[in-house]
Amino acid sequence: MAQTPQAIKYQAIARTTDGFPIINRIIAVKTSIVSGSTPGIMVYSGLNSVTTNSVGLFDIQIGDPDFFLSGSFTNINWGADVYFLKLELDPMGGFNFQLMGISQLLSVPYALYAENVANNDDADADPTNELQTISKDGQIVTLSNGGSSFTDEVNDADADPNNELQTLMQNGLDVSLSQGGGTINVADNDNDAANELQTVAESDYQVTLSQGGGSFMTGVKSYTQPEIDALTPYNGLTVHNATTNCINYYYLNNWFEACGTCTPQPTIANAGADQNFSDNTIATTLAANTPTLGTGLWTVLAGEGGIFDDATNPSTLFTGLSEVTYTLQWAIATVCDTSYDEVTVAFYTWQCGSPFTDARDSKTYNTVQIGNQCWMAQNLNVGTRIDGSSNQANNTTLDKYCYNNSDAQCDVYGGLYQWDEMMNYTTIAGVQGICPPTGGWHLPTDAEWTSLTTFLGGESIACGKMKETGTTHWNSPNTGATNSSGFTGLPGGYRSTNGAFYNISYDGVFWSSSEGSTTNVWTRGLDYYGTNVFRFSYDKGYGFSVRCMRDL
C-alpha cells in the first residue's frame, strides 16, 4: 500500500533581480508553509543550502528533517485547512533573504486504491484439477489431466543390467577382469621378493643405495690438499680444503677455490631519521632497523639525561630532557665485526604563535592564539591528490582534492577533504583525524567554532576579522576584511558532490567535526561580499577546507 511522503519535492530556477539565472553557486532557500491565508499562521519553515547547476536549476525536499527551522512538517493536518507555500532566497548563500512569492498548495492524490488486483476467476471452480501427476509404466512416461505421454527410449540391448559390471580377480600370478576384460601375468622373473627392496645408508658423508644403486658424497667434508688430489671428483663435488682453509668445488673437469672473510658479517646499521620536536615533547619512539645478523644496541653519544626503555630494541622509547639535543648510536655486532649509525633527537618547548612543522611531510604551518584557543593560521595541506571525479576512500593512502585538480592550488589554499576522510573514518567529535599526529592537534568541534566567533564579537561581524585582507586571493570587494584575529581565512572554494569545483576566491568553507545528522555536518563559511560567518549543515560528500586546533 502506498504511504504518504513526508516531504514535498520542489524544483525551480534561481534568478537574479535582473532575471539572469544564478549558475553553479551555493544559494540559501528558505521555505515556509502558511495555513488559512497568505498572511496566515506559519506551521513549518526550513532552510536549505543547495548548489545550482549550469542553467540555475536547483531542487530541494520541503519537510526534510535535516533542514527544518521551526514547526513540524509531519504534524500538518492537510485536510483541515488550505495551505500556502512561501519561498525566500539569498543568491549568495547567506541570510539576506528576498521574497520570491507565495502560492497556494493544491491537493493532489498520490496513490489510488486498486480494488481488484488480479483475476480470481477459476472457470470450473475446482482447484483440485489444477494439479498434474507424472508416472511411468515400462518405457511410457505420462502426465495426467491430458498432459500427454512419451516413450523413454533408453535401451539395454540384452535386457540384463547385471552384465554391465566387471570384477577384478587374482589367481596366483594371473590378474583377470571379468566379462571378457582379459588377463595379465605379474610374475617376478627371479622369484626373489627380497631383492625388490633397497636400503639408503650414510657413512662419512657418503650416501649409498643398496642392490647396486650407486653412491654419492653429501655435505662438505674436510680434506688436506693431497687427499683432494687423490679423489675421483664429479661435477658439483664441494669439500673443505684443510690446507688452505678454503672451499674447493669441482665443475667442468676443474677444481675451483673460494676463500672469504669472517662470517657472519653484521647487518648494516640504520638508526633511522633525525627527530626534532618543538612542542614540549620529551619522549619519542626510535626507528632503527632490525638486525638480520648480529645483535643491536643503543648508546647515548651526546646529551645528558637520556634513557632507553630497552637499549637492545630498535624501536625502543627514548626519554630525554627539554632544551637538549641528543646524538644516539645504533650498533649491530657479530663475532666478526660491528656496524654503526647515528641519529639526532632534539626536544624543545613550543608556544602558540610559533610555526609548527608536520613531521609527516615536513610542511610548516603558521599558528595564532585567538582568545584561549590556538589555531593553525593556514589551511591543512596533507596527503596525495586524487581527481575530483573520485570519492576519497578508507585505505592506507591519505587522499586530498586540489581545486580544479591542480597541485598549485593546494600549495596556496590547502587541500579539500570529504568529511569521512578528514575524520579518519570515525564520527567522534574533536578527534585528531588527519591533523598532525604530534603536538596535540585535533579537528575543531561545532562548539569550538562558536567559541571562536563569539570571542570575535559574534557571527555577524567575525567574518571580516577572520579573512585575509586585500584581493590577492579574495575576489573584490572582500567586504570588511581586517584579519585582526590573525586567522587569515582564504577562499579555497569547494569540491561538490558531483565531482566539480566551485567558488575559489569567493568562498572559504571549513568543516567541523560535529555531525548535524547521519548524513550532514556543521560547517563555517566565509565569503567575499559580507562580514557574516555562516553556519550551515552540509552533506559529508562535499570537499571543504580543514583547520586544526591545538588541544588545551
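For the chain, how many pairs of lysine residues have a Cα-Cα distance under 30 Å, where the two are 8 or more positions apart or belong to different chains?
Close lysine pairs under the 30 Å cut-off: 17.
Can you give the relative contact order of segment 8-105 as a percent, counting alpha carbon pairs under 8 Å and 6+ residues apart?
Numbers: 220 pairs, mean separation 32.0, N = 98.
Computed value for segment 8-105: 33 percent relative contact order.
Using the number of other C-beta atoms within 10 angstrom as an exposure proxy, rank Val546, Val175 with the fewest first. Please report the intermediate quantities before stating the final value.
Working: Val546 26, Val175 14.
In order of increasing Cβ crowding within 10 Å: Val175, Val546.
Counting other beta carbons within 10 Å of each residue's own, what order do Phe150, Phe68 fall into, fewest first?
On the way: Phe150 10, Phe68 17.
Fewest-to-most ranking of Phe150, Phe68: Phe150, Phe68.
So how much slack lies between Ala7 and Ile23, counting 0.36 nm per residue of separation and subtracting their Cα-Cα distance, in nm? Write out the running numbers ahead of the final one.
Numbers: separation 16, 0.36 × 16 = 5.76 nm, distance 2.54 nm.
Extra length from Ala7 to Ile23 when fully extended: 3.2 nm.
Whole angstrom only: what separates the Cα centroid of segment 502-526 from the Cα centroid of segment 209-278?
69 Å
Report, in deg cm²/dmol and to the nearest 500, the calculated mean residue ellipticity at 222 nm for the chain, where each DSSP H run with n ≥ 4 adds -39500 (n - 2.57) and the sum is divided by the residue count. Working shown, then result.
Details: 5 runs with 35 residues, N = 552.
Roughly -1500 deg cm²/dmol at 222 nm, from the helical runs in the chain.
Over the chain, what is the mean sequence separation of C-alpha contacts under 8 Å (at least six apart), divided by residue count, expressed as relative contact order in percent?
Working: 1162 pairs, mean separation 41.2, N = 552.
Worked out over the chain, it gives 7 percent.
Looking only at Cβ-Cβ distances, which cysteines of the chain have no other cysteine closer than 4.7 Å?
That list is Cys463.
Using the beta-carbon distance between Arg15 and Ala359 and R0 = 41 Å, what value does 1/(1 + (r/R0)^6) give for FRET efficiency, to the nearest 0.05? Can you show the working numbers first?
Values: r = 51 Å, r/R0 = 1.24.
Calculated transfer efficiency: 0.20.
Just report the Cα centroid separation between segment 296-322 and segment 438-482, whole Å.
Using only Cα atoms to place each centre, the spacing works out to 44 Å.
How big is the gap, in Å, between the Cα center of segment 69-97 and the Cα center of segment 327-381?
54 Å
Under the definition of Cα pairs under 8 Å and six or more residues apart, what whole-number percent is the relative contact order of segment 331-405? Intermediate values should be presented prior to the final figure.
Working: 79 pairs, mean separation 12.0, N = 75.
Taking the mean separation of contacting Cα pairs over the length of segment 331-405, I get 16 percent.
What FRET efficiency comes out for Ala273 versus Ser451 if R0 is 30 angstrom and r is the Cβ-Cβ distance? Round to the nearest 0.05.
On the way: r = 37 Å, r/R0 = 1.25.
Efficiency for this residue pair is about 0.20.
So how do Val207, Val29 line up by other beta-carbon neighbours within 10 Å, fewest first? Display every interim value, and only then the final one.
Details: Val207 14, Val29 24.
Starting with the residue having the fewest Cβ neighbours, the order is Val207, Val29.
Computed from the coordinates by the stated procedures, all read-outs in this text should not be read as laboratory data. What you see is a predicted model; the values in this text were computed from it and never measured. Positions of Cβ are backbone-derived with ideal geometry, glycine not excepted, and every protein chain shown enters the neighbour counts.
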